[in-house]
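Report on one structure; see the data block that follows.
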Amino acid sequence: MVGCGNSTLSGDMGGNGYNVTNIDISDVVIDQMKDKTGQDYLLMDATKTFFKDQAFDFVLDKGTFDALACQAGSALPSALVREMGRIAKKVIMIITHGKQSARSPVFNEALEEYGE
C-alpha cells in the first residue's frame, strides 16, 4: 500500500489473506505501525521506490495522490502514478476525492504510457 499512514486498511486486507507491503515517507508512522502489526512497513518515497519493475500484482493508494495533488501544477501526482504503474504487474488502484476535471489529465497520461 502506497502512503499507508496509520490506516487499518492494510491490516484488514492482511486479515483476509492478502500479503501486504506498506510504504510511507514518515519514519514515525512506519515505526508505530510495525509495532502494531506483523506486516512489512518500509520507509520509502512512493514516487521513487526501490522495488523492481512489476514487483506486485496490485498496487493501492487511498490518499497519497490527493495529498500530492494539493499543490497546483505539481509534477508529483504524475510521478506517483508512473511509479505505481512501473511496480505493478496487473493493476493499480487510486482512490481519490478530487474533481474528475483535475484528476483525468494525470490518469489519461498514465493510460497512454502503460495502456489500459
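The values are calculated or read from the model by the stated rules, or taken from the named source; none is laboratory data. Keep in mind that this is a model prediction, so the values were computed, not measured. Neighbour counts run over all protein chains shown; Cβ positions are idealised from the backbone, glycine included. Just the protein is used for accessible areas: all its heavy atoms, side chains included, with ligands, DNA and RNA removed. Shrake-Rupley method; radii C 1.70, N 1.55, O 1.52, S 1.80 Å.
None of ALA69, ALA55, ALA46 is touching a Pro at 6+ places or on another chain (Cβ under 8 Å) and either under 19 Å from LYS89 (Cβ atoms) or free of Cβ contacts under 8 Å to residues at least 40 places away in the same chain (or both) except ALA69. Candidates in the range 60-86 are the residues that are open to solvent by less than 40 Å² (accessible area, probe 1.4 Å) and assigned to a loop (DSSP other than H, G, I, E, B); of these, the one that is modelled with the highest pLDDT is GLY63.
In this structure, is GLU109 open to solvent by 90 Å² or more (accessible area, probe 1.4 Å), out of contact with any Cys (no Cβ under 7 Å at 6 or more places or on another chain), part of a helix (DSSP H, G or I) and among the acidic types (Asp, Glu)? Break it down stepwise before answering.
Details: open to solvent by 90 Å² or more (accessible area, probe 1.4 Å): no; out of contact with any Cys (no Cβ under 7 Å at 6 or more places or on another chain): yes; part of a helix (DSSP H, G or I): yes; among the acidic types (Asp, Glu): yes.
So GLU109 fails the test.
Restrict the check to the range 3-25 and report whether at least one residue is in a loop (DSSP other than H, G, I, E, B), touching an Asp or Glu at 6+ places or on another chain (Cβ under 7 Å) and in contact (Cβ under 8 Å) with a residue 40 or more places away in the chain. Looking for residues that are in a loop (DSSP other than H, G, I, E, B), touching an Asp or Glu at 6+ places or on another chain (Cβ under 7 Å) and in contact (Cβ under 8 Å) with a residue 40 or more places away in the chain, one finds at least one in the range 3-25, hence yes. Pick from the range 2-23 the residues that are touching a strand residue (DSSP E or B) at 6+ places or on another chain (Cβ under 7 Å) and on the phi < 0 side of the Ramachandran plot: which of them is modelled with the lowest pLDDT? Per the stated criteria, the residue is SER10. Selection over the range 39-59 of residues that are buried (at least 16 other Cβ atoms within 10 Å of the Cβ) and either under 15 Å from ALA110 (Cβ atoms) or of a type in the set (D, E, K, R) (or both) gives a count of 3.
Please go through the range 26-52 and give me each residue that is closer than 18 Å to ALA79 by Cα, assigned to a loop (DSSP other than H, G, I, E, B) and not charged (D, E, K, R), ordered by number. Hits for the range 26-52 are MET44, ALA46, THR47, THR49, PHE50, PHE51.
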